[in-house]
Structures are given as C-alpha cells and as structure tokens.
Amino acid sequence: RVWTIDEGGRASDVELKGHSDSVDQLRWDPKNEHLLGTASGDKTVRIWDARTSKCVHAIETRGENINIRWSPDGQHLAVGDKEDNISIIETRKCKALRTMKFPHEVNEMAWDPSGRLFFLTTGAGNVDVFSFVDLLKPP
C-alpha cells in the first residue's frame, strides 16, 4: 500500500496489485515522485504509478529479486536476486542491459551521487567499487 497524507492530516491509500510472490524491496524514482519500483520473488521488477496504483512496466528477470536501486538520474535500475545476479535495467526501454553473476554474496547496492560509481556490499565483508560505465561493457 502507498499512503498519502494531505495537508489536513487525512490519510488515503492505494494498493499496488500485480506481483505473484513476495515483494522484498521498493524504491522511489529519484527524478519522478510518482514512480515506484518493486523487486519481487516472482522474477519481475515492476514500475508503478503511485497516483493511479497501476503497474506501468513489468520487467522479467532471471531470478527471485531481493534488492532494487535507482541510479541518481533515474535512467537505470539495479536489481539483485537470491543467486547473486545483478541486472542493470534501462528504464526508458525497460530492458535489461546486462546481468552479471557475482562469485560472492551480494548484500546491498548503491550508486554514488554522480552516478559514475557503483558499490556492492558483500557477505565476505567487502565493499566492491565499480565504474558504472565499465560495468555495462560486455565481458
């Protein structure tokens, strides 16, 4: 559910329906206050319009998704699954540009504010830092 509280303190809510398994994480688009991304165990990422409660895009991924992050410019989503795959999705075309399998547990992901660097925290106790441009290049 997405709750809205108006200036008078009255609350209203909408329910976002569409996933067929657990929703493990959600994030707001940093450039569009009405768009919300969700990562689900149903192997989809969904982008929702919170004003209408409608799913505007459903993007299939390889695995059961547990993490989601928007790039600072709102042009990409990074999605992590239970098998330690990270998919980079281009949000205009709603297409995965690249999916990478990591040899260690990936816990969290983040971009720096410029969008040039991409960070992963790992189960091995490390923070891995990547150039985002280089991360998009084919292996």
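The values are calculated or read from the model by the stated rules, or taken from the named source; none is laboratory data. Bear in mind that the values here come from a model prediction, so they are computed numbers and not experimental data. Cβ atoms come from the backbone with ideal geometry, glycine included; neighbour counts cover every protein chain shown. For the accessible areas, the whole protein counts, side chains as well, though only heavy atoms, and no ligand, DNA or RNA atoms are used. Shrake-Rupley method; radii C 1.70, N 1.55, O 1.52, S 1.80 Å.
Return the loop-located GluC sites (Glu not before Pro) in the stretch 17-74 (DSSP other than H, G, I, E, B) with at most 14 other Cβ atoms within 10 Å of their own Cβ; answer none if there are none. Present the calculation step by step, with values, prior to reporting the outcome.
Numbers: sites: E33, E60, E64; in loops: E33, E64.
Passing both the DSSP loop test and the Cβ count: E33.
Excluding ligands, DNA and RNA, what is the solvent-accessible area per residue of the chain at a probe of 1.4 Å, expressed in Å²?
Numbers: 8050 Å² over 139 residues.
So the chain comes to 58 Å² accessible per residue, rounded to a whole number.
Could you please report the charge total around G123, scoring K, R as +1 and D, E as -1 over all other residues with beta-carbon less than 15 angstrom from its beta-carbon?
Details: positive: K82, K101; negative: D81, E83, D84, E105, E108, D128.
Taking every other residue near G123 into account, the sum is -4.
List, in order, the whole-Hz ³J(HN,Hα) value for each residue of the stretch 72-78 obtained from phi through the Karplus relation with A = 6.51, B = -1.76, C = 1.60 and θ = phi - 60°; use x for Gly and Pro.
Running phi through 6.51 cos²θ - 1.76 cosθ + 1.60 with θ = phi - 60° gives x, 8, x, 8, 9, 10, 10 Hz.
What is the sum of charges around D112, taking Lys and Arg as +1, Asp and Glu as -1, for the other residues whose C-beta is under 15 Å from the C-beta of D112?
Numbers: positive: R69, R116; negative: D73, E108, D128, D134.
Once all neighbours under 15 Å are counted, the net charge is -2.
Check each of the trypsin sites (Lys or Arg not before Pro) in the stretch 11-113 and keep only those in coil by DSSP with at most 11 other C-beta atoms within 10 angstrom; list them in order.
Details: sites: K17, R27, K31, K43, R46, R51, K54, R62, R69, K82, R92, K93, K95, R98, K101; in loops: K17, K31, K43, R51, R62, K82, R92, K93.
Counting only loop positions with at most 11 other Cβ atoms within 10 Å, the trypsin sites (Lys or Arg not before Pro) in the stretch 11-113 are K17, R92, K93.
Apply the Karplus curve 6.51 cos²θ - 1.76 cosθ + 1.60, θ = phi - 60°, to the phi angles in the stretch 25-35 and return the couplings in whole Hz, x for Gly and Pro.
7, 9, 8, 7, 5, x, 10, 9, 5, 9, 9
Take the residue pairs K43/K95; K31/K137; K31/K101; K54/K137; K43/K137 and return only those whose Cα atoms are more than 22 Å apart.
Working: K43/K95 14 Å; K31/K137 25 Å; K31/K101 29 Å; K54/K137 33 Å; K43/K137 24 Å.
Over 22 Å apart, Cα to Cα: K31/K137; K31/K101; K54/K137; K43/K137.
Hand me the GluC sites (Glu not before Pro) from the stretch 65-139 located in a DSSP loop with no more than 13 other Cβ atoms within 10 Å, in residue order please. Before the final figure, lay out each step's value.
On the way: sites: E83, E90, E105, E108; in loops: E83, E105.
Here the sparse-neighbourhood loop sites are E83, E105.
Would you work out what percent of the accessible area of the chain, with all protein chains in place, is carbon or sulfur (probe 1.4 Å)? Intermediate values should be presented prior to the final figure.
Working: 3900 of 8050 Å².
Heavy-atom surface of the chain belonging to carbon and sulfur, 1.4 Å probe: 48 percent.
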